[in-house]
Amino acid sequence: MEVERATTAVAEGGSSAEMAVDNAAGPGAVEKPRFDALMPSEMSGGRPQFRKVPVPPHRFSPLKRCWMEIYTPVYEHMKVDIRMNIKARRVELKTRKDTPDVSNLQKCADFVHAFMLGFDIADAVALLRLDDLYVDSFEIKDVKTLRGEHLSRAIGRLSGKGGKTKYAIENSTRTRIVIADTKIHILGSFVNIKVARDSLCSLILGSPAGKVYSKLRAVSARLAERY
């Protein structure tokens, strides 16, 4: 009899499917409470969350020059407060009451950190829009210990004449690469970073650019087929 009443309620459209299940469970059934999703400001007991990104000395002037280009997407689109602490030489980020997602704070911190590493704002802002982008950093000495002219030649092989080798790796792997003295930073997806890093390591170890290009073409073709 209970099943017949539940079926009739659903057929008439007078109650939802969940109410029908409650009726079928019998008169002793307890209705489950439903809670609204917590806002990010409520997750930490109403206290705002902070991130602090240090500013290297050589990036202080570019940060001042491009401040509004950094401020606008962070404050207006991601709903995160941002300020420049000149005395402590760091950028400070804080969640607001209207911040839509708690992950926005970490995305903004990654965006500012990528700019500090030397990436262009147009490239770094992709960290705010996409979820599967990362920044990977390593040093030349992590691959091979080089000194003096050997180190200079390795850096030259990474860049190529007029940056040709670096641009070729970037375009074929859909990544962005920053070579800052002996440190190398790569921005991209996990798979693409691995392909770019393998190519850079081959150049550091002494492989000629032509051999790296041919290997890149083969790997890029395989990635294109897979995706």
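Within the group R51, R47, which residue is basic (K, R), more than 17 Å from A124 (Cα to Cα) and modelled with pLDDT under 90?
Going through R51, R47 in turn, just one is basic (K, R), more than 17 Å from A124 (Cα to Cα) and modelled with pLDDT under 90: R47.
Identify, from the list R157, R176, the residue that is of a type outside the set (D, E), closer than 14 Å to N192 by Cα and surrounded by 13 or more Cβ atoms within 10 Å (Cβ to Cβ).
R176
Considering every residue within segment 176-195, establish whether at least one is closer than 16 Å to F119 by Cα, out of contact with any strand residue (DSSP E or B) (no Cβ under 6 Å at 6 or more places or on another chain), outside any helix (DSSP H, G or I) and free of Cβ contacts under 8 Å to residues at least 40 places away in the same chain.
Yes - at least one qualifying residue is present in segment 176-195.
Within segment 81-95, is even one residue exposed (fewer than 15 other Cβ atoms within 10 Å of the Cβ), in contact with a Ser or Thr (Cβ under 7 Å, 6 or more places away or on another chain) and not acidic (D, E)?
No.
Can you name the residue in segment 196-227 that is open to solvent by 10 Å² or more (accessible area, probe 1.4 Å) and in contact (Cβ under 8 Å) with a residue 60 or more places away in the chain and, of all such residues, is farthest from A124 (Cα to Cα)?
Once the filter is applied, the top-ranked residue is L205.
The values are calculated or read from the model by the stated rules, or taken from the named source; none is laboratory data. If you're wondering where the values come from, they're calculated on a predicted model, not measured in any experiment. Glycine gets a Cβ as well: all are built from the backbone with ideal geometry, and neighbour counts include every protein chain shown. These area figures cover heavy atoms from the full protein model, side chains too; ligands, DNA and RNA do not enter into them. Shrake-Rupley method; radii C 1.70, N 1.55, O 1.52, S 1.80 Å.
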